[in-house]
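Visitor: Sharing a structure below in structure tokens format, with a few things to ask.
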Amino acid sequence: MISRDQVVERILKRKEWLLLTVKAVLVFTMLWAVLFYMYALSHAMPFAQLNKVANAIQLFCGLIIGIQTLVYARFSQEYYLVLGIALGVLSWTLGQLYWFSYLLLEGPMIPCLSIGDLGFISIYFFLIGVMRTITNRIPKYTIVIKYRDLWPLALLVVPIFIALVGECSQVHNLDNFAMTLAIVYLLWKAQPIYTLPKYQLFLSGIGLLCLSDIIYMLSAVLFPEGYTLTTEALFPIALSLTAYGFMKVEEMSDG
């Protein structure tokens, strides 16, 4: 008969293996980012080929991270939080699947606004749910909001700037505004845990994801011929760092 301690030990070992797998993906994405920008800046590879390789890696990493995080949720004490992160990553990956399929079938550049954007924006709704659950556990009387904490609202300047300078359709401008509003709300809800050490890796992943989307939106207007090159190597790092960061939060709680 298996004792309770043996069951707990097996669960911890499985969680450790899943954590190491996601960590390996994180390291891979960082190394790939260095190679990607070296190739991009040196023009050592044609843009179309580099674009396809980068998007294939984004799709591969998204699938691995999403599936591993989904399995991790099964053994997690924070089942619904980890599940939310996993579903967010997988929704982003579905958007990337559409994007990559378009590249293979139609050509090197995809329209700025596509059905794939539904997947890209959906990750924020899942992360907002996760963040609300985390911050709602913090006693309200310990949270002090000051005027300087309103800084996420400044990001709304981005879609306004794009609407004024760019030549995008109104639907595209609304999409940019919705994406930025989701980013603003996520960063706003995350403020109570900014100073908590155990959440720093998790917040770094979320911050990089938000930054990558902001850069992408601006690049689509400022560098329309090669706008995807600015962020293609950043998204895999952001996804893996977000998942790995939350796994580390739970590891600290277990340990």
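The values are calculated or read from the model by the stated rules, or taken from the named source; none is laboratory data. Owing to the predicted nature of the structure, the values given are computational and were not obtained by experimental measurement. Glycine gets a Cβ as well: all are built from the backbone with ideal geometry, and neighbour counts include every protein chain shown.
Visitor: Considering only region 205-240, state which residues are under 18 Å from GLN49 (Cα atoms), among the acidic types (Asp, Glu) and surrounded by 19 or more Cβ atoms within 10 Å (Cβ to Cβ).
Guide: GLU232
Visitor: For CYS168, all conditions in the list (1) in a helix (DSSP H, G or I); (2) surrounded by 15 or more Cβ atoms within 10 Å (Cβ to Cβ); (3) without any contact (Cβ under 8 Å) to a residue 60 or more places away in the chain; (4) not aromatic (Phe, Trp, Tyr) hold save one; what is the number of the exception?
Guide: Just one mismatch for CYS168, condition (1).
To keep it simple, each residue is scored yes or no on (1) part of a helix (DSSP H, G or I); (2) closer than 17 Å to THR133 by Cα; (3) under 10 Å from the mean Cα position of the chain (by Cα).
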{"site": "ALA190", "(1), (2), (3)": "yes, yes, no"}
{"site": "LEU201", "(1), (2), (3)": "yes, no, no"}
{"site": "GLY207", "(1), (2), (3)": "yes, no, yes"}
{"site": "CYS210", "(1), (2), (3)": "yes, no, yes"}
{"site": "LEU218", "(1), (2), (3)": "yes, no, no"}
{"site": "LEU229", "(1), (2), (3)": "yes, no, no"}
{"site": "THR242", "(1), (2), (3)": "yes, yes, yes"}
{"site": "MET247", "(1), (2), (3)": "yes, yes, no"}
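Visitor: Being surrounded by fewer than 21 Cβ atoms within 10 Å (Cβ to Cβ), free of Cβ contacts under 8 Å to residues at least 40 places away in the same chain and either of a type in the set (Gly, Ala, Ser) or over 25 Å from GLY95 (Cβ atoms) (or both) narrows it down to one of ALA48, ALA73, ALA56, so name that one.
Guide: ALA73
Visitor: Give me the pairs, please: first residue somewhere in region 146-157 and within 16 Å of THR195 (Cα to Cα), second residue anywhere and at pLDDT 75 or above and surrounded by 12 or more Cβ atoms within 10 Å (Cβ to Cβ), beta-carbon distance under 6 Å, and either six or more positions apart or on two chains.
Guide: If the second residue must be at pLDDT 75 or above and surrounded by 12 or more Cβ atoms within 10 Å (Cβ to Cβ), the pairs left are ASP149/GLN191.
Listed here are the residues, each with its yes/no results for (1) assigned to a helix (DSSP H, G or I); (2) at pLDDT below 90; (3) charged (D, E, K, R).
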{"residue": "GLU16", "(1), (2), (3)": "yes, yes, yes"}
{"residue": "PHE28", "(1), (2), (3)": "yes, no, no"}
{"residue": "PHE36", "(1), (2), (3)": "yes, no, no"}
{"residue": "LEU41", "(1), (2), (3)": "yes, yes, no"}
{"residue": "MET45", "(1), (2), (3)": "no, yes, no"}
{"residue": "LEU59", "(1), (2), (3)": "yes, no, no"}
